[in-house]
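Presented below is the structure to which this report refers.
The values are calculated or read from the model by the stated rules, or taken from the named source; none is laboratory data. Predicted model only: the values in this text are computed from it and were never measured. We place every Cβ from the backbone using ideal geometry, glycine too, and count neighbours over all the protein chains shown.
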Amino acid sequence: MYTSETKVRVRYSETDRMGYVYYGNYASYFEVARVEALRDLGMPYLRMEDEGYLLPVLDYKVRYFKPAFYDDLLIIKTKIVQLPAVKITFAYEIFGEDGQKRNEAETTLVFINKESGKPCKAPDELLEKLKPYFT
């Protein structure tokens, strides 16, 4: 299993009238964590796009436990729990600096060939970089 950690500080514009992070903003946090996880692996998202792969989200699940507030530093733990094929699934947990879990989520994305618009297998380079984490 591959794991990565990303930190995000909550901006004022991301909160609602109650002072909580607006629930829809978590999707952006997960995207930041997903992109950084791939960058940490040595496979930047932009390079995959430049090489002809698109990664639209197929599924998104989230469960909330505690709110986060303006100026909180959030620690996002991102995991790829299985070697991808045509789809790749990311699991996330967000914690506050106090160590308490704020939420958890999962996104599944599909590898799409940019030219044909059809699903395709994951890039060989990505698979090679991930293999050591799954042996």
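Tabulated results
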{"quantity": "Selection within the stretch 98-135 - in contact (Cβ under 8 Å) with a residue 12 or more places away in the chain and of a type in the set (S, T, N, Q)", "calculated": "100, 103, 107, 108, 113"}
{"quantity": "One residue from 38, 83 being assigned to a loop (DSSP other than H, G, I, E, B) and either at pLDDT below 95 or under 15 Å from residue 109 (Cα atoms) (or both)", "calculated": "83"}
{"quantity": "Checking residue 80 against (1) within 23 Å of residue 7 (Cα to Cα); (2) surrounded by fewer than 16 Cβ atoms within 10 Å (Cβ to Cβ); (3) out of contact with any Lys or Arg (no Cβ under 9 Å at 6 or more places or on another chain), the condition it does not meet", "calculated": "(2)"}
{"quantity": "Count - residues of the stretch 86-118 that are touching a Lys or Arg at 6+ places or on another chain (Cβ under 8 Å) and either surrounded by 15 or more Cβ atoms within 10 Å (Cβ to Cβ) or in a strand (DSSP E or B) (or both)", "calculated": "19"}
{"quantity": "Filtered residue count, the stretch 4-23, keeping only those that are closer than 19 Å to residue 39 by Cβ and touching a helix residue (DSSP H, G or I) at 6+ places or on another chain (Cβ under 8 Å)", "calculated": "3"}
{"quantity": "Condition met for residue 71 (out of contact with any Leu (no Cβ under 8 Å at 6 or more places or on another chain) and surrounded by 12 or more Cβ atoms within 10 Å (Cβ to Cβ))", "calculated": "no"}
{"quantity": "Counted residues, the stretch 1-20 - those being in contact (Cβ under 8 Å) with a residue 60 or more places away in the chain and not small (Gly, Ala, Ser)", "calculated": "9"}
{"quantity": "Some residue of the stretch 57-77 being on the phi > 0 side of the Ramachandran plot and in contact (Cβ under 8 Å) with a residue 60 or more places away in the chain", "calculated": "yes"}
{"quantity": "Count - residues of the stretch 1-53 that are surrounded by fewer than 16 Cβ atoms within 10 Å (Cβ to Cβ) and of a type outside the set (A, V, I, L, M)", "calculated": "24"}
